[in-house]
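Taking it in order: structure first as structure tokens, then the write-up.
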Amino acid sequence: MKKSLIILLVVLAVVFILYSMFKNTYNNMVSKSEAVTAQWAQVENVYQRRADLIPNLVSTVKGFAEQEQEVLIGVVEARAKATSMNIDASKLNETNLQAFQQAQDGLSSALSRLMVVVEKYPDLKSNQNFLELQSQLEGTENRITVERQKFNDTTREYNTYVKRFPQTLFAGMFGFEERPYFEADKGAETAPKVEF
């Protein structure tokens, strides 16, 4: 009787320890996965802020540069494409992230062309509304960089956690997969040539 009670207590202790380890590991994976999802939402938030500024910027420029319709239309089209790209953070993969980034890069490129057009119009460059919008857009671009870095840091923490042993065993069983990072554009490692 005494021997079977001891065996039962040892078995219960082992089961409790395994349960606790399993529960803590699973809950940590859920927490880290949710942190990646929340950070992705913040990245989308700052991209949306940029998209929201663009119509005001375009209408301000339109008043000064009617003959630059092609550039203005390009910005509006790039904005539409960029804002149509929504990715569910739980389905975030390399392909989705690249498509999202291409749409955002297209918008950045269109905005760069718009800023080149602005250089032709000294009255526009001194317009207070334009200066304020340009300042907000620059600040938003900085926010995008910061939030992308935070997303990569959060993703690195999550990826590291689910790849470690014994978490990797549980991660595979419950569908916790590695998440992709934001990466620099192709050719970004080469410094641009500036000629005067």
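A short reminder: the numbers here are calculations on the coordinates, not readings from a lab. Not measured: the values here are computed from a predicted model. Ideal geometry is used to build each Cβ from the backbone, glycine not excepted, and the neighbour counts take in all protein chains shown.
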When the charge dipole of the chain is computed with +1 at the Cβ of Lys and Arg and -1 at the Cβ of Asp and Glu, the Cα pointing farthest to the positive end, of VAL116, GLY74, MET21, is that of MET21
Take the range 2-170, compute every pairwise Cα distance, and split them into 5 Å bins from 0; I just need the percent in each bin. 1, 8, 13, 15, 12, 9, 8, 7, 6, 5, 4, 3, 3, 2, 2, 1, 1, 1, 0, 0
Integer Hz, Karplus 6.51/-1.76/1.60 couplings in order for the range 22-30, x for Gly and Pro: 4, 4, 5, 5, 4, 5, 5, 5, 4
Subtracting the Cα-Cα distance from 0.36 nm times the residue separation, let me have the gained length for VAL146 to GLU34 in nm, one decimal. 38.4 nm
With the dipole of the chain worked out from charges on the C-beta (+1 for Lys and Arg, -1 for Asp and Glu) around the Cα centre, which of GLY106, PHE165, VAL11 lies farthest toward the positive end? VAL11
With a Förster distance of 22 angstrom and the Cβ-Cβ distance between ASP123 and GLN69, calculated FRET efficiency to the nearest 0.05 equals 0.75
If contacts are Cα pairs under 8 angstrom and at least 6 residues apart, what is the relative contact order of the chain in percent? 31
Could you name the lysines in cross-link range of LYS120, using Cα to Cα under 16 Å and dropping any fewer than eight places away on the same chain? LYS62
Whole-Hz Karplus couplings 3J(HN,Hα) for the range 150-167, θ = phi - 60° and coefficients 6.51, -1.76, 1.60, Gly and Pro as x, run 4, 4, 5, 5, 5, 5, 4, 4, 5, 4, 4, 5, 6, 8, 6, 8, x, 4
For the chain, with only Lys/Arg (+1) and Asp/Glu (-1) charged at the beta-carbon, what is the dipole magnitude about the Cα centre, in debye rounded to 20? 1260
If neighbour count is taken as other Cβ atoms inside 10 Å, put TYR26, TYR158 in order from fewest to most. TYR26, TYR158
Per the rule of 0.36 nm per residue minus the C-alpha distance, extending ALA41 to GLN136 adds in nm 32.2 nm
Top mean-square fluctuation among SER108, SER33, SER20, Gaussian network model of the chain, C-alpha springs under 10 Å? SER20
